[in-house]
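I have placed the structure first, in the form of structure tokens, so that the comments after it can refer back to it.
Each reported figure results from applying straightforward, stated rules to the coordinates on display, with no laboratory input. Just so it is clear, the model here is predicted, and its values are computed rather than measured. Heads up, the Cβs are rebuilt from the backbone with ideal geometry, glycines too, and the neighbour counts pull from every protein chain shown.
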Amino acid sequence: MPKTYDVAVFGAGPAGAQCARELAHKGYQVVLVEKMSNFLANNFSSAGSVYEVLEHFDLPKSTISSYWKSIKLTSAGTEHIWTAKRPLGVVFDFAKLRKFLTADAKSTGNCRVLLGWQFSSYQKTDDSYQCVIKKDGQTSMGENILAKILVDATGPARSVLHYQKNKPRYVSATGIEYLVQTDPLFSQSFGDATLQFLLGQHFQPHGYAWIFPMGDGIYKIGTGGYNDRKTKTQSLKYYIDRIIKNYLQLKKYQILDVHGGTVQFRPNHQEPFVDGKIVGVGDAVSSVNALGFEGIRHGLHSARTAACCIDEYLKNQKPSLDHYQRLMQQYFGRKWYWSYWLSRLVYMQFGDNTLDKIITMLRLLTTEELVEILFYYRFSNVFKLVFRQLKTLFK
Ligand SMILES: Cc1cc2nc3c(=O)[nH]c(=O)nc-3n(C[C@H](O)[C@H](O)[C@H](O)COP(=O)(O)OP(=O)(O)OC[C@H]3O[C@@H](n4cnc5c(N)ncnc54)[C@H](O)[C@@H]3O)c2cc1C
């Protein structure tokens, strides 16, 4: 007889592992199934986030590589740095973050973790789902599990929600990142508490590049962009190599790892978040925000919201799981759409001269105001900026 669980979660990214963690802490019997056999195998995310995420999701220091308290924007012809006295955010160690969330779920005694297994198929029975999971590369029958509720946390694959269904069209963007060990002299002069974004065709056509500190002289140097560009460009690696050679002028360095990934999303969230008793969390329901492709915090939030809705449903306080989609749509509001629209302008439309002018204008914003735009999508600050610019003109 297959073992029965309250909830089967597929995918142990930040969203799936957090959802399993929340449900296991609430006392439900959970199985967490992850395709990869270890978290280093798909260590693809730059994993920058804001400081509040730590307290909000009770994340320990062991998940953090570094703290940042400055943001630097650079274009072909100008640059500016915004600094705060206290840390404004963190760069996670993406592997350690997922490892912690999974271990914490397991430590409750209510969550079975299966690494190296993947969702293969499901069949609906009267009051549960019978799922087949298979070990990587396995061609035989696999193993059966029974669960009352399924959570699709498979990221852009959306393997469960779209099982045997046609997928809608998604916007897609791809990023690649080098983990680079620099020499101590370089890191002393460059600093290790700044998130740096390099904008414009000069650095990365149809996208942007970034340099995130990881501590101990290690940096994540990456580039990424939209995949629907009409003109041909060089490979993403070509632009990273150029940044290392021409912009950073690194002479002595070691590439410790190369990783990357693709995000696929619907800017308007016109896709099902719930199908019967199947719930999608994280990137499986387009929670990544297109402005800076920040998805970890929003994935964690969707996981918590889904776990609350599942809890209410299993306690018979709600007749279905449908209110989850409503709650998530309230969270996104119009901000995700405007972020997408702005990212298309900045990454795809604006030339280097325009971006020089924009960065010059953004200097009128305080650090907090810039953070509010980049991480909280408060675009009303853009109006403040225009007002301040007009004031300087009429002085
Ligand atoms: C290059 C790059 C840089 C990024 N930088 C940042 C950043 O700086 N800050 C930030 O907040 N976000 C960043 N993001 C986005 C962020 O990483 C994602 O939004 C986030 O990881 C989404 O979490 P998730 O759990 O929804 O999905 P994922 O992290 O994609 O996890 C999905 C999991 O499901 C597993 N899986 C897939 N199919 C199956 C299956 N059939 N069965 C079982 N398991 C399966 C996968 O192996 C994976 O572990 C970046 C993304 C990329 C690509």
Sorted by average packing, counted as other Cβ atoms within 10 angstrom per residue and highest first, what order do 222-229, 82-89, 380-387 take? 222-229, 82-89, 380-387
With everything on Cα atoms, drop me the angle between helix 335-344 and the longest principal axis of the chain, reported from 0 to 90° to the nearest 10. 50 degrees
What is the fewest-to-most order of TRP117, TRP341 by other Cβ atoms lying within 10 Å of their Cβ? TRP341, TRP117
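For the chain, what does the relative contact order come out to in percent, with C-alpha contacts under 8 Å and a separation of six or more? Provide the component values of the computation, followed by the final result.
Working: 810 pairs, mean separation 78.1, N = 395.
The value is 20 percent.
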In nm, give the distance between the simple-model label positions of SER172 and HIS25, each being 7 Å from the Cα along the Cα-to-Cβ direction. 3.5 nm
For VAL258 and ASP136, extending 7 Å from Cα along the Cα-Cβ vector and measuring point to point gives, in nm, a value of 2.0 nm
Taking R0 as 22 Å, what's the FRET efficiency between ARG334 and LYS230 from their Cβ-Cβ distance, rounded to 0.05? 0.20
A correct fewest-to-most ranking of GLU55, GLU177 by other Cβ atoms within 10 Å would be GLU55, GLU177
Output ³J(HN,Hα) for region 197-211: one whole-Hz value per residue in order, computed from phi by the Karplus curve 6.51 cos²θ - 1.76 cosθ + 1.60 with θ = phi - 60°, and x for Gly and Pro. 10, 10, 10, x, 4, 4, 8, 7, x, 6, x, 7, 10, 8, 9
Please give the contour-minus-distance gain from GLN389 to GLN349: 0.36 nm per residue of separation, less the Cα-Cα distance, rounded to one decimal in nm. 12.1 nm
In degrees, nearest 10, the alpha-carbon axis of helix 14-25 is tilted away from the dominant principal axis of the alpha carbons of the chain by 50 degrees
Normalised by the number of residues in region 269-395, what is the relative contact order in percent for Cα pairs under 8 Å and 6+ residues apart? 21 percent
Once the cut-off is 29 Å, how many percent of the Cα-Cα pairs in the chain end up in the long-distance tail? 45 percent
Would you order MET1, MET348, MET141, MET328 from fewest to most other beta-carbon atoms within 10 Å of each residue's own beta-carbon? MET1, MET141, MET348, MET328
Highest mean first, what order results for 98-107, 360-369 on Cβ atoms within 10 Å? 98-107, 360-369
Note, ³J(HN,Hα) from phi for region 160-165, Karplus 6.51, -1.76, 1.60, rounded to Hz, x at Gly and Pro: 8, 4, 9, 4, 6, 10
Given R₀ = 35 Å, FRET efficiency for LEU115-PHE190 by Cβ-Cβ distance, to 0.05? 0.45
If you place +1 on the Cβ of every Lys and Arg and -1 on the Cβ of every Asp and Glu, how big does the dipole about the Cα centre of the chain come out, in debye to the nearest 20? 720 debye
Tell me, what is the FRET efficiency for LEU250 and ASP58 to the nearest 0.05, using R0 = 35 angstrom and their Cβ-Cβ distance as r? 0.40
Which links in LYS69/LYS251; LYS3/LYS106; LYS26/LYS318 stretch past 20 Å when you go from one Cα to the other? LYS69/LYS251
Counting sequence-distant residues (5 or more places) and residues on other chains, those with an amide H built under 5 Å from that of GLN118 are LYS134, LYS135, ASP136
Run the dipole for region 262-395 about the Cα centre, Lys and Arg Cβ at +1, Asp and Glu Cβ at -1, nothing else charged, and hand back the magnitude in debye, nearest 20. 500 debye
Rounded, prolate or oblate: pick one for region 42-106, where a ≥ b ≥ c are the square roots of the eigenvalues of its C-alpha gyration tensor, a/c under 1.5 means rounded, and failing that, prolate if a/b is larger than b/c, else oblate. oblate
Using a/c under 1.5 as the rounded threshold, could you call region 240-376 rounded, prolate or oblate? The axes a ≥ b ≥ c are square roots of the C-alpha gyration tensor eigenvalues, and prolate needs a/b larger than b/c, oblate otherwise. prolate
How far apart, in nanometres, would the label points at TRP341 and THR83 be if each is projected 7 angstrom from Cα along the Cα-to-Cβ direction? 3.7 nm
When only C-alpha pairs under 8 Å and at least 6 residues apart count, what is the relative contact order of region 73-212, in percent? 22 percent
For region 285-356, the percent of all C-alpha pairs falling in each 5 Å bin, from 0 up to the bin holding the max distance, is 3, 16, 20, 17, 13, 10, 8, 5, 4, 2, 2, 1
